[in-house]
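First the structure, in the form of structure tokens, and then the observations on it.
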Amino acid sequence: MRYILGVLAFAVLGACFGATGAAAKSTRAQAGVTVYAAASLTDVFPAIDKGNSFSFAGSNALATQITNGAPADVFASANTTLPAQLFASGVVEKPVVFTRNTLVIVVPKANPAGIKSVYDLSKPGVKIDVANSAVPVGSYTLQVLDQMGLRSSVGANFVSQETDVRTVLTKIQLGQADAGFVYSTDAHTLLGQVTVIKVPAWAQPKIAYAMAIVARSQNKAAAQAFIDKVLSKQGQATMLKYGFLPITAPVPTITKLSIAKGKPGISVSLSGTNLNGTTSVTFKGVPARFKVVSGTKLTIIVPVKAKTGAITVTSPAGTATSTKSFTIIR
Amino acid sequence: MTRRQLFSRGAQGGAVLLVAGTSLAQFADDAAADPLSTADLAYGRLLVGAELLASDFYTRAVAASNSSPSVMKYLKRAYANEQEHYRSVAGILSDAGVTPAVSSDIDYMYPRGAFASQASILKLAQQLETIMLGTYLGAVGGMQSGSFKQGLAQIAASEAQHLSYMWTKNGLKAFNAAFPAALTIDQASAAMDAFTS
């Protein structure tokens, strides 16, 4: 009965709100929640949990529809800005970041304009297709060009601005433009049909996706269950399988050492935050043996060749250095 | 270290070599006062990315703990140099109101076995230092603001010292090119692409 009501409610309300606009693609399942998600999530979300109704479109269009009362339970955006704005206005509950992405250039397989790098996009006559700046991917595109000092020269070659990333990809696949900016995850859905060119790491925008329960949702428990599923180990593994990047691990910090001085071989307890991913600990550059006790505590053995100086903790997310020196006693 | 400090420091360090009355400190004031062009900001971002790559490489090379004491000592010194360079070029951006990238903003990729032995570390170090030197030599000519030329040239000289060490350790003759190759910004960016994403 609940399932029937759910389907009926979605159908009626979907009709009222014109679903998610002309560019939106909807997939309906037999039960679960209604997820309004960025177009770049078209393939991965049903792979994580197909028991839901999905509407995929440009994040900005979805945000507008949700604000206007569209029947979504979860909003998943290709940025953190839109969910934060909706949270501030009470439209959604507190958003959580659930994945990251990178931007790439795609060119038709034949690459008629001979594009090899971002710099080639400023050549006269190159036809570039992008998403409009209101869509996250369009905004990220402009960020890249700004960061590389190429906005005016490359912008002069824009021939079309689309409402979502998948439209850019399709147009490049069909050869309707020489190059376009899309997410790497979208590009990988057409590998073999388009050629992917890297955007330099030093110019990459920070592309983080955030999702939130819609405040008006009548199905909040199920909505939270969907979010939990995306954030789960299995959900994150599926995101990675589809080319998305893991949520950035927070940088470690050091707050306290159990002792300020000691002989080589003794054990020192280090307190801090985000210590789970620690890969190395050094005493003024001298590597030390250590054990991760918890995310807030390490046990370290002072190395034989340790020198008096700062203790450094390194994880894939970054490095923390103690503000006070550790004095070696010999 | 801020932009102003970078160039003030350059002025102080070079004072004994310069004729009286030459004021490099004035460049520091100019550097701090001049708004940067978008092209120069782009160069600043590239250099920050290059320094983050070099720092990450040396961090891993030291952590591998498989080099001789003398090589290990040099790797640590090179790491310290790159960190100081990073603070300087990051200062160019932060003084201009731009947040510089940090290590966690970039994913690094190295060839398989890059840190498996001292030999593999030195081989890759030579490749990276060639890129670093070319990048800074290109920046000396490529950045529009004249205020940065001395500081950039000083960093280029430091990278050349690293490269020379790697050459000799790899059994080659000491680096002795009269005119080492400068990389344009797109060439430098493409060279870094092999190691970053």
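What net charge is computed for the residues neighbouring B:I106, neighbours being all others with C-beta under 12 Å from the C-beta of B:I106, Lys and Arg scored +1, Asp and Glu -1?
Overall, the nearby charge balance is -3.
Quick one: grab the alpha carbon gyration tensor of the range B:135-197, order the square roots of its eigenvalues as a ≥ b ≥ c, and give me rounded if a/c is under 1.5, else prolate or oblate depending on whether a/b is larger than b/c.
oblate
Residue by residue through A:193-206, how many Cβ atoms from other chains fall within 10 Å of the Cβ on average? Before the final figure, lay out each step's value.
Details: counts 0, 0, 0, 0, 1, 6, 3, 13, 15, 18, 6, 7, 1, 2.
The mean count of partner-chain Cβ atoms within 10 Å per residue comes to 5.
With unit charges on the beta carbon (Lys/Arg positive, Asp/Glu negative), name the residue among B:A116, A:V196, B:S55 whose Cα is farthest towards the positive pole of the charge dipole of the protein assembly as shown.
Farthest towards the positive end: B:A116.
Mind putting a number on the dipole of the range B:56-122 about its Cα centre? Charges go on the C-beta only, +1 for Lys and Arg and -1 for Asp and Glu, and I need it in Debye to the nearest 20.
Charge dipole, the range B:56-122, about its Cα centre: 380 debye, nearest 20.
Per residue of B:110-122, how many C-beta atoms from partner chains lie within 10 Å of its own C-beta, taken as a mean?
Values: counts 0, 0, 0, 0, 0, 0, 0, 0, 0, 0, 0, 0, 0.
For this peptide, the per-residue mean of nearby foreign Cβ atoms is 0.
Given springs between every Cα pair under 10 Å in a Gaussian network model of chain A, which of A:V97, A:V33, A:V281 has the largest fluctuation?
Most flexible of the set in this elastic network: A:V281.
Around B:F195, what is the net charge, scoring Lys/Arg as +1 and Asp/Glu as -1 over all other residues with Cβ under 11 Å from its Cβ?
-3
Output the antiparallel fraction of DSSP beta bridges having both residues in the protein assembly as shown, as a percent to the nearest 5.
75
Hey, in the GNM for chain A with a 10 angstrom Cα cutoff, which one of A:V44, A:V313, A:V182 fluctuates hardest?
Residue with maximal mean-square fluctuation among A:V44, A:V313, A:V182: A:V313.
From the cross-link list B:K73/B:K149; A:K284/B:K123; A:K198/A:K233; A:K261/A:K307, which pairs have alpha carbons spaced over 21 Å apart?
Exceeds cut-off: B:K73/B:K149; A:K284/B:K123; A:K198/A:K233.
By per-residue mean of other Cβ atoms within 10 Å, what is the highest-first order of A:200-210, A:68-78, B:138-148, A:286-296?
Those peptides, ordered most packed to least, come out A:68-78, A:200-210, B:138-148, A:286-296.
Is the shape of the range B:46-142 best called rounded, prolate or oblate, per the rule: a/c under 1.5 gives rounded, else a/b larger than b/c gives prolate, else oblate, with a ≥ b ≥ c the square roots of the Cα gyration tensor eigenvalues?
prolate
Treating only the Cβ of Lys, Arg, Asp and Glu as charged (+1, +1, -1, -1), what charge dipole size does the range A:57-127 show about its Cα centre? Round to the nearest 20 debye. Please report the intermediate quantities before stating the final value.
On the way: 6 positive and 3 negative charges, 88 e Å.
Roughly 420 debye, rounded to the nearest 20.
Which shape class, rounded, prolate or oblate, goes with chain A when its Cα gyration tensor gives a ≥ b ≥ c as root eigenvalues, a/c under 1.5 marks rounded, and past that a/b bigger than b/c marks prolate?
It is oblate, given that a/c is not under 1.5 and a/b is not larger than b/c.
Among all the aspartates and glutamates, which ones have a C-alpha under 12 Å from A:K123's C-alpha, if same-chain residues fewer than 8 places away are not counted?
In chain and number order, the partners are A:D178.
Which of these, A:I172, A:I115, A:I259, has the largest mean-square fluctuation under a Gaussian network model of chain A (Cα springs below 10 Å)?
Its mean-square fluctuation being the largest, the pick is A:I259.
For chain A, build the charge dipole from Cβ charges (+1 Lys, Arg; -1 Asp, Glu) around the Cα centre, then report which of A:V292, A:F326, A:S117 sits farthest towards its positive end.
Farthest towards the positive end: A:F326.
Where the only charges are on Cβ atoms (+1 Lys, Arg; -1 Asp, Glu), what is the dipole of the protein assembly as shown about its Cα centre, to the nearest 20 debye?
2060
Taking the Cβ of A:E162 as the center, what net charge do the other residues with Cβ under 10 Å away carry, scoring Lys and Arg +1 and Asp and Glu -1?
The answer is 0.
222 nm [θ] for the protein assembly as shown, helices only, -39500 (n - 2.57) per DSSP H run of 4+, per residue, to 500?
That comes out to -13000 deg cm²/dmol.
Within 10 Å of each Cβ of B:184-195, how many other protein chain Cβ atoms are there on average?
4
Read the figures in this text as sums done on the coordinates, not as results from a lab. As the structure is a prediction and not an experimental result, all values here were calculated from the model. When we count neighbours, we look across all protein chains shown, and the Cβ atoms used for this are built from the backbone with ideal geometry, even at glycine.
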